[in-house]
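Undergrad: Shown below is the structure under consideration.
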Amino acid sequence: MATPRVSLIIPTQRRLDGLATAARSTFLQAGVDPATLELVVVDNDQVPSAKALVQALAADAPFPVVYVHEPEPGVANARNAAMAKARGDFIAFLDDDEEAPAGWLAALLAAQARYDADVVFGPVRGRAPAGLVKHRAYLEWFFSRVGDGPREGVIDHYYGCGDSLLRRASLPDPKAPFSALRNHIGGEDDLLFGGMKAKGATFAWAPDAWVWEDPVPSRLTLDYTIARAFAYGQGPSAHCAISTPPDRLGVARWMAIGMGQAGVFGLIAAVQWLVRSPRFAFTLDRAARGLGKTLWWGPFKIHFYGLRAPT
């Protein structure tokens, strides 16, 4: 069997409908030779709950489909298990709540070739169900990645792993690049890309390589998104704390910034709530991110990843 040029990876955990949509969207990619592709689906459930679906999908696929079962919970575990099986020189990540238009992969590859990039990122467009009215604009924004907008080119920063293309040869570990330390808190991609940036990796932005994101209904609430915003806010402070050696001045700086953000935006959000402003949710989000920078340790740490699915 010929070695594929690109391995498409979709991590999943008990989200069969979303997985089917994401996988089928990879089958429809245009401008890319199917003979150069493979799809690797990694099932991060303690039981192989996605195996039958992946086998059914493989029957309709224009390229090989590989099923990987990783029962040990954790997003880093899942990504590493897929990486160990993937054979491509490039790795394209798609989440199991995303759907890629036909030109997605070709746009990622074109940007990679144009800028000789080690990692290419594309936009994510949040898509809420038609019947959702309350906080719709905020929720679609929350699950989107606007990034650098319409400007294509080399960037000096990085985004998350969903909707990205990685050059395997640029990774610090081509088989297991994601740190298991981030299984329970997320940010395994930030840790990887931050390390790559420190060593001079080239990142690029490809505005034409966009995907839809369809969050599960349980996530389309302020309870979920504000808690998630708080967890996102914890990232900069926690990153400084676990640096080697710990960056204590960085921790103090981020905590001070967060305290100011929480105070200012919290007060504005309270006023907006009283007057029923449509901007209330956006401002509350900023306040939560600020509070997360301040309360980032131990009992305040929110775990969104690395949990076993309910049986």
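Undergrad: Percent antiparallel among DSSP beta bridges with both residues in the chain, to the nearest 5?
TA: Close to 35 percent.
Undergrad: Once both axes come from the Cα atoms, what is the angle between helix 75-85 and the longest principal axis of the chain, in degrees from 0 to 90, rounded to 10?
TA: Compared with the principal axis, the helix lies near 20 degrees.
Undergrad: Treating segment 166-276 as a set of equal point scatterers at the Cα positions, no solvent, please give the Debye-formula log₁₀ I(q)/I(0) at q = 0.15, 0.18, 0.21 Å⁻¹.
TA: One equal scatterer on each Cα of segment 166-276 leads to -0.98, -1.20, -1.28.
Undergrad: Give a residue-ordered list of calculated ³J(HN,Hα) values for segment 278-286 (Karplus: 6.51 cos²θ - 1.76 cosθ + 1.60, θ = phi - 60°; whole Hz; x for Gly, Pro).
TA: Result, ordered by residue: x, 8, 3, 5, 4, 6, 4, 4, 5 Hz.
Undergrad: Given the chain, report the % of alpha carbon pairs whose separation exceeds 35 Å.
TA: 19
Undergrad: Let me check I have the definition right: for segment 12-121, take the eigenvalues of the Cα gyration tensor, multiply each by 5, take square roots. What are those semi-axes in whole Å, largest first?
TA: 23, 16, 12
Undergrad: Still on this structure, please answer the following. Of all accessible surface on the chain at a 1.4 Å probe, what whole percent is carbon and sulfur?
TA: Its accessible area is 60 percent carbon and sulfur atoms.
Undergrad: Using the alpha carbon gyration tensor of segment 137-191, what are the three equivalent-ellipsoid semi-axes (square root of 5 times each eigenvalue), largest first, in whole Å?
TA: 24, 18, 8
Undergrad: Quick check: pseudo-label points 7 Å beyond the Cα along Cα→Cβ at Arg279 and Ser243, how many nm apart are they?
TA: 3.3
Undergrad: If I build a Gaussian network model for the chain, linking alpha-carbon pairs within less than 10 angstrom, which residue out of Thr202, Thr221, Thr244 has the largest mean-square fluctuation?
TA: Thr244
Undergrad: May I have the pair-distance distribution P(r) for segment 98-162, computed from all Cα-Cα distances with 10 Å bins from 0 and rounded to whole percent?
TA: 18, 46, 25, 10, 1
Undergrad: Okay, moving on. Counting only C-alpha contacts under 8 Å and six or more residues apart, can you give the relative contact order of the chain as a whole percent?
TA: Computed over the chain, the figure is 19 percent.
Undergrad: Would you mind calculating the gained length between Ala137 and Asp33 on full extension (0.36 nm times residue separation, minus the Cα-Cα distance), in nm to one decimal?
TA: The span from Ala137 to Asp33 would gain 33.7 nm if fully extended.
Undergrad: Please list, in chain and number order, the residues 5+ apart from Ser164 or on another chain whose amide H is under 5 Å from its amide H, with Hs placed from the backbone.
TA: HN-HN under 5 Å from Ser164: Phe93.
Undergrad: Further question on the same structure: To the nearest 500 deg cm²/dmol, what mean residue ellipticity at 222 nm is calculated for the chain from DSSP H runs of n ≥ 4 alone, each contributing -39,500 (n - 2.57), summed and divided by the residues?
TA: Mean residue ellipticity, 222 nm, calculated: -12500 deg cm²/dmol.
The values are calculated or read from the model by the stated rules, or taken from the named source; none is laboratory data. Predicted, not measured: the structure shown is a model, and the values here were computed from it. Glycine gets a Cβ as well: all are built from the backbone with ideal geometry, and neighbour counts include every protein chain shown. Each accessible area value is taken on the protein alone, full model and side chains, heavy atoms only, with ligands, DNA and RNA left out. Shrake-Rupley method; radii C 1.70, N 1.55, O 1.52, S 1.80 Å.
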